[in-house]
Every structure is written in C-alpha cells, then in structure tokens.
Amino acid sequence: MSSSQPPLLENATRDLARFAAQFRYEDIPAEAVDRMKTSLLDSIGCCLYGATLPWTRRVQDLAEAEQAAPVASLWGSGRKTSIANAVMVNGTAGHAFELDDIHKESIVHAGSIAVPVALAYAERDGGWSGRDLVAALVAGYEVGTRVGNAATMSLFYRGFHPQGTSGAFAAAATAGKALRLDAAGMQHALGIVGSQAGGLMAAQEGAMVKRFHAGRAAQSGVYSAELARRGFTGIVDVLEAGYGGYLSSYSDKPNAARLTDGLGTDWETAKVGYKPHASVTSIHAALDALTHIMRSNGLKAADIASIRAGVSHMTYVHCAWEYKAQGVTAAQMNLYYGLAVIAYDGVAFVDQYDEARLADPALLGLIKRTEAYEDAEIEAMGPAFRHAATVTVQTHDGRELAHRILNRRGSPENPISADDVEYKFRNVARSCLPADQLDRLVELCRQLDTLPSLDELISIVSAPRA
C-alpha cells in the first residue's frame, strides 16, 4: 500500500504483471494473433514514412549525437544506436503522421510503441521467431490498453495524452516480455514506468512534441524494464494506489475494474482498429459522412454552401477549435480542415496534409462556412459513440443533405479488412521502399506466426532509403 487510502482494486498491478509475464504464445487466440500480424504491417508502414518527416529527423539527430552503442537500427537509415534511443526515434516515427493503429476504449495507439520496442530487442538479441514477436506485442497491447481502459476518457478530459501516459505501460510490458522478466520483475517494470508517464494534449494545436510522446513512452518503457531486470524497484501498486497511483492521479473517474476484466479470456488486442485517414480518429466518422453525402448526390466542393457537423462532447473539445494554418499537426487534429479536404479532394491522406496545402484559400473559404456543434443525441449514447457524427450539407441550389455515422470505418464495430490495411501500407510506404521489398514485407507479416527468424524483416526496415 502506498498510503492509508484504500486501493482502487486490490492487487491489480500484481495480477496484470503476472499475466503479462506468464502467458505463452499458445495461450493467445487466433483472432488476436491475426490482429498482431495486421498491426505489424500497419505499424511498419507508419514508422517508415514517419522517419522521413522533419520532426522525426530532429529526434534522430539528437539520438545519433549521443553516439550510443550501435545495437538497434534507426529504421530507414542504415544506422544503429542503443535500444533506448532507437525506440525513441522509431516510436516518434510511428506516431509522426496520425496513421498509427488505435484501440478505441483506451485511446492508445499501441503499434507505434510496441512494434519498435519488440523489434529493437529482436535485432539486438537475435534468435527470435515470429511467435516470439507476437507474444511480446500482445503483452504490450494487453497491458497498455487495459491501463487506458481503466483511466477512462477522464484522463483525456484532464488534458493528458493517452499515448504518452497509458502508452508508457505498453512499452514497459513489451520490453519486459522481451527481457523475459518474471512476474515480480514485470510488476516493478510497470511500477517504474508509471512515474515516467507524460504527455499534454495542448500539443495537438501545432507542436511537434505530440509526435514525441510515443517515442518518449517507448524509451521510458525500455528504461523501466531494464532497471527492473537490474533489481531496481518501482511502485508495486502503481495502478491501483489510492493516493499517488496512476489512476488516482491521472483520472477523475477511473474504472479500475477494467484493468483485469476478462484477463486471459477477453483479449483487448483483438479489438484494435486501423485508420483509413491520416488524421485524428475522432473526426473519421464526420469525414466519412461527408464523403457519403457527396458521392451519393454527385456533389463537388463548389456545390456546397455550408457544412454542419454534429459530434460528441469529446470530439468537439478535441477537434472543433478554430483552424489556423500553424503546421501539419494542427491540421491533422482539426475537424474543419479535415472536412474541407474531403470536400475538395475526396480523401484525407498524405498529400492533403502537405505543408503547401495548409493555407489553401479554397480550403480556408470552406472552413469559414463550416460549423460544428455538440450533438445531444450522440452524446446521450455514451462513450462508446464518442466518434459518431452527423453531417449536414446545404447546397447552393437549396438542398439540405444529411448523414449520420455511428461507428467509424476501422473501428471494431465497422472494421476495415487486412486487405484494406495492406492497401494503406503500400500507399504510405511506397516512397520509402522499392516495390519488391514492399511485397516481401507484406508476405513476411502475413506469415509471421510461422517465421523461424525475423532477420529478413529487420534487414528490410533497417536498410537506408535510396
């Protein structure tokens, strides 16, 4: 016990750590294995493209300046550094363009954290099979998403970024599994990383640091597991402590039961979804609703007099602030900009978030004619529908056209297929790798559970770009 305050859920950290340390590949259901194969491909694509972006390059410059022992690759560069620095850079790359996978309830993008951590250890230590990789990823996904579930949206409303806070637990569990920590060691790893969790949501309005939240969480997880392996101790009840614990400090309304609900039988890993748009998940339903209206009625942007978007309170707070052309991050997090590029281009992907488009007068003109409001009906449906949206278009010829989407594409309720994720991967990574290597990565991820070695996969993602 950390104080006289009663725990939120007795022995929750111990039980979660014991599970992460002790489950075997054979315990993982086929659905969760398949999800990890898809997430691996999706995450590699996000990391490879993200490594080309200026904010990631700045983080890489910092890592390389330290001249640490070269044991793990900086993806796409042909160069190596320490595990801790490699995951800091590669994790930043994974979250660098709002494309990484998303677990709906926890609001954690586990792939951009767990995949760089697991592959860094696989590269350094060698001898990993594809099944070893799946087990390490599942440990991170299960722990990180369960922590996020228990924190509830209250953590987000308080201004914390789930990626840098709950995501740090995903990194520690992945690293702990890679290091084969026993239950006590894993408990200390979680107890250490809980004190490292951080990330503020004000970063969404233009700052590069939002991307760094994933990289720093990954690095903190590595440090925490490595310290635990050396006998360094952490807060053994870090999650459930009534005073000064993770949930009691970061959330006004935690639901500690979500830490262990169905542990070992209800796999959160199998609930991961994917992003078809290069923007914050919260606006995807609105983007798809506008797409539906325009395609169904043969509209062009010039036909639109005005747009109204009804969204949940969370999406309104998160994404419906006044748009200003102040950088790619701000554009990707903004509802109005996303709707404008859908109206003009029909997609919201890599090209739409190029610096050259951010102050496009046509887009800015439509943004001025776009309004967002909190939809009371959507809000009354509860947290499960926080991404829902109702979009209404008023045309210049007097028509009013409306469409509501309750479950965004890519969510567990409205999933996109593994083939859709492959299509996304090819479009994201095509500027980073030749076609034959794209084909080979697709095949390696598809066969992950049967691979005796990860050497070829690591060599492809690590090779310098032309």
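The values are calculated or read from the model by the stated rules, or taken from the named source; none is laboratory data. On a predicted model such as this, the values are computed, not experimentally measured, just so you know. All Cβ positions, even for glycine, are placed from backbone atoms using ideal geometry, and neighbour counts span all protein chains on display. The accessibility values were calculated without ligands, DNA or RNA, using every heavy atom of the protein model including side chains. Shrake-Rupley method; radii C 1.70, N 1.55, O 1.52, S 1.80 Å.
Write down the radius of gyration of the range 43-93 and its Dmax, each obtained from C-alpha positions, in Å.
9.6, 27
What shape does the range 176-289 have by the C-alpha gyration tensor, where a ≥ b ≥ c are the square roots of the eigenvalues, rounded means a/c under 1.5, and otherwise prolate means a/b greater than b/c and oblate the rest?
It comes out prolate by the Cα gyration axes.
When the Karplus curve 6.51 cos²θ - 1.76 cosθ + 1.60 is applied with θ = phi - 60°, which whole-Hz ³J(HN,Hα) does each residue of the range 333-340 get, with x for Gly and Pro?
Here the 3J(HN,Hα) series is 9, 9, 4, 5, 5, x, 5, 5 Hz.
If eta is 1.567 mPa s and T is 4 °C, what Stokes-Einstein diffusion coefficient results for the range 94-240, Kirkwood Rh from Cα pairs, in µm²/s?
88
Using the crude model of +1 on Lys and Arg Cβ and -1 on Asp and Glu Cβ, and no other charge, please compute the dipole size for the chain relative to its Cα centre, in debye to 20.
640
Give me the one-decimal Kirkwood hydrodynamic radius in Å for the range 250-397, with the sum taken over alpha-carbon pairs.
One decimal place: 16.5 Å for the Kirkwood radius.
Let's test this: bin the Cα-Cα distances of the range 415-466 at 10 Å from zero up to the farthest pair and state each bin's percent.
Final binned percentages: 23, 53, 23, 1.
Keeping the other protein chains in place, figure out the carbon and sulfur percent of the accessible area of the range 5-97, with a 1.4 Å probe.
In the range 5-97, the share of accessible area belonging to carbon and sulfur is 46 percent.
Between helix 284-297 and the chain, what is the angle of the helix's C-alpha long axis to the longest principal axis, kept within 0 to 90° and rounded to the nearest 10?
Helix 284-297 sits at roughly 30 degrees to that axis.
From the list (i) 83, 44, 42; (ii) 110, 70, 38; (iii) 71, 57, 41, can you say which value of Cα extents along the principal axes in Å was derived from the structure given?
So the structure-derived entry is (iii).
In degrees from 0 to 90, rounded to the nearest 10, what is the angle of the helix 418-429 Cα long axis to the longest principal axis of the chain?
90
Quick query: amide H of Thr370 versus all other amide H atoms, modeled in the peptide plane; which residues come in under 5 Å with a sequence gap of 5 or more or a different chain?
Result for Thr370 returns Ile307.
Which whole-number value in Å³ per residue fits the convex hull of the alpha carbons of the range 153-239?
In the range 153-239, the Cα convex hull volume per residue is 77 Å³.
Provide the per residue accessible area, probe 1.4 Å, for the chain, rounded to a whole number of square angstrom.
36
How high is the relative contact order of the chain, in percent, with contacts defined as C-alpha pairs under 8 Å that are six or more residues apart?
Once divided by the residue count of the chain, the mean separation gives 21 percent.
Taking 0.36 nm per residue of sequence separation and subtracting the Cα-Cα distance, how much length would be gained by fully extending the chain between Ser453 and Ser195, in nm to one decimal?
Gain on stretching Ser453 to Ser195: 89.4 nm.
Give me the angle, in degrees from 0 to 90, between the Cα long axis of helix 12-22 and the longest principal axis of the Cα atoms of the chain, rounded to the nearest 10.
70
With the alpha-carbon atoms as the only input, what is the per residue convex hull volume for the range 36-175 in Å³?
98
Using 25 Å as the Cα-Cα cut-off, could you pick out the over-long pairs in Lys80/Lys177; Lys37/Lys424; Lys80/Lys424; Lys253/Lys424; Lys253/Lys275?
Lys80/Lys424; Lys253/Lys424; Lys253/Lys275
For the chain, build the charge dipole from Cβ charges (+1 Lys, Arg; -1 Asp, Glu) around the Cα centre, then report which of Ala173, Thr315, Ala65 sits farthest towards its positive end.
Most positive-ward Cα: Ala65.
As a check on your grasp of the helix formula, calculate [θ] at 222 nm for the chain: sum -39500 (n - 2.57) over DSSP H runs of n ≥ 4, divide by the residue count, round to the nearest 500.
-15500 deg cm²/dmol, from helical runs alone.
Using a 1.4 Å probe on the protein heavy atoms, what percent of the accessible area of the range 226-365 belongs to carbon and sulfur?
The nonpolar share, carbon plus sulfur, comes to 51 percent.
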